[in-house]
Amino acid sequence: MATEASFEVVTAVLSAEPISVDQAIAAVESETAGAVVSFSGVVRNHDGGKPVDRLSYSAHPTARRVLDDVVAQLVAEQAAAAGTEGAGPDGAGGAGAAPPVRIWVAHRVGPLEIGDPALVCAVAAAHRGQAFAVCSELVDRVKAQVPIWKEQFFSDGTVEWVGAGE
């Protein structure tokens, strides 16, 4: 009998408080997970050949709802691909269900310094392939779909908005 994967969204937030990959990993780890894959997008000290001093993220008022929708859509697609349309967002599956794929994602808003994590994701799954695939797709979708804009402050005193015109 084939086992079915279920999904559990542990956290999906926009945060004015610091976030960390260690926090994300700890939240999704379990004795049933054979793989935990994480991503930490950090503030770098350069962009486009110019030195960056710091940046700030601003979110549209709908950003939290969009983040929830992005995660829900990814879970629905992954569940359908695994043949688990009946699995709910809380990870409830039927008899014979595999351990849940656990998802944690957070994006910072507000001021950040060089080295601060801006986007952190972690995915725990029974097998590495699924953990890698879900984590990678989640990062791509958050960056592409959630209305969050980056204001970069360069060392020469200039400022640039990234994503505001997209």
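Between ASP53 and VAL13, the FRET efficiency from the beta-carbon distance, with R0 = 35 Å, is close to 0.85. One decimal place: the segment ALA81-ASP68 gains 2.7 nm when fully extended, by the rule 0.36 nm per residue minus the C-alpha distance.
Taking the helices alone, the chain has a mean residue ellipticity at 222 nm of -9000 deg cm²/dmol, built from -39,500 (n - 2.57) per DSSP H run of at least 4 residues and averaged over all its residues.
Distance between the 7 Å Cα→Cβ label points at ALA144 and ARG44: 2.1 nm.
Less than 10 Å Cβ to Cβ from VAL120, Lys/Arg counted +1 and Asp/Glu -1: what total charge do the surrounding residues give? Walk me through the intermediate numbers first.
Numbers: positive: ARG108; negative: ASP22.
That sum, taken over residues with Cβ under 10 Å, equals 0.
Can you list the residues of segment 111-141 with backbone N under 17 Å from a point 7 Å past the Cα of THR158, pointing along Cα to Cβ? No residue passes the distance filter. Taking label points 7 Å from Cα along the Cα-to-Cβ direction, ASP116 and SER30 give a separation of 3.3 nm. Overall, the accessible surface of the chain at a probe of 1.4 angstrom is composed of carbon and sulfur to the extent of 52 percent.
The values are calculated or read from the model by the stated rules, or taken from the named source; none is laboratory data. Keep in mind the model is a prediction, meaning the values are calculated, not measured. Virtual Cβ from ideal backbone geometry, glycine too; neighbours counted across all protein chains shown. Ligands, DNA and RNA are stripped out before the accessible areas are found, and what is left, the full protein with its side chains, is counted by its heavy atoms. Shrake-Rupley method; radii C 1.70, N 1.55, O 1.52, S 1.80 Å.
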